[in-house]
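Below: the structure, in structure tokens.
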């Protein structure tokens, strides 16, 4: 059963087509990788799906066929389609636990109107309890009272995912979750992403680290110059001549790295 369908989506900036007639179907329970060379449109695709940008044309359907193109990013997140960003958005002067608790508040804000003060207090206690569970789940329990600004890079990335989990996603979009990490941090993050997936959360991931993509994803879509170039299981993508050509002619796409220039 599909959880997300992108149908004929294009996004133009002036005369530049950042996305050109993209069609994607994401099945519930997948870990889908989105890869492509610099400037391929990967981050633009995430921005369009999550409501940061509106598509120039095309339609996007989520969770039992609800059309979401045209909705605000806040509304889309409330529906359980939640994303992270290349640059982790944290409240740096708040503690780890407070960051996740705030995300819980934002997720639950529409439910607090018209309730009694005692009920609000109970809801606050429940928010803190759930936030602490998420912090522990993401391996940040011993750092719960540490300021976000003081965390090492890998832990800041984990906190970014914890904040996303506070919004109770059904579909989680991870934008470059391994950026800037050491090999040890990458291995730890890969394990965390697998744990998140085991909570019945479908994951769509943009990532440049090809070894990690091949390890994590059960299906991969390749973008190039805003177009869908290829799709398949990791072994198919790894040996696809059109994909190899798109990656500047390299014979081993596992060797690729670097940062995407967002379009």
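The values are calculated or read from the model by the stated rules, or taken from the named source; none is laboratory data. This is a predicted model, so every value here is computed, not measured. Cβ placement follows ideal geometry from the backbone for every residue including glycine, while neighbour counts extend to all protein chains displayed.
At a glance:
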item	result
Matching entry among 78, 5 (being over 30 Å from residue 146 (Cα atoms) and either free of Cβ contacts under 8 Å to residues at least 60 places away in the same chain or surrounded by 15 or more Cβ atoms within 10 Å (Cβ to Cβ) (or both))	5
Search result, residues across region 140-160 that are farther than 19 Å from residue 105 by Cβ and surrounded by fewer than 16 Cβ atoms within 10 Å (Cβ to Cβ)	141, 142, 146, 149, 150, 152, 153
Unmet requirement for residue 107, which otherwise passes all of (1) at pLDDT 95 or above; (2) surrounded by 19 or more Cβ atoms within 10 Å (Cβ to Cβ)	(1)
Verdict on residue 206 being within 19 Å of the chain's Cα centre (by Cα) and buried (at least 21 other Cβ atoms within 10 Å of the Cβ)	yes
Among the candidates 120, 128, residue that is in contact with a helix residue (DSSP H, G or I) (Cβ under 7 Å, 6 or more places away or on another chain), modelled with pLDDT under 95 and not assigned by TED's automatic domain parsing to the domain that holds residue 52	128
Subset of region 21-48 (residues that are assigned to a strand (DSSP E or B) and surrounded by fewer than 19 Cβ atoms within 10 Å (Cβ to Cβ))	21, 23, 25, 27
Members of region 49-64 found to be touching a residue at least 40 places away in the same chain (Cβ under 8 Å), under 12 Å from residue 4 (Cβ atoms) and not in a strand (DSSP E or B), listed by number	49, 50, 63
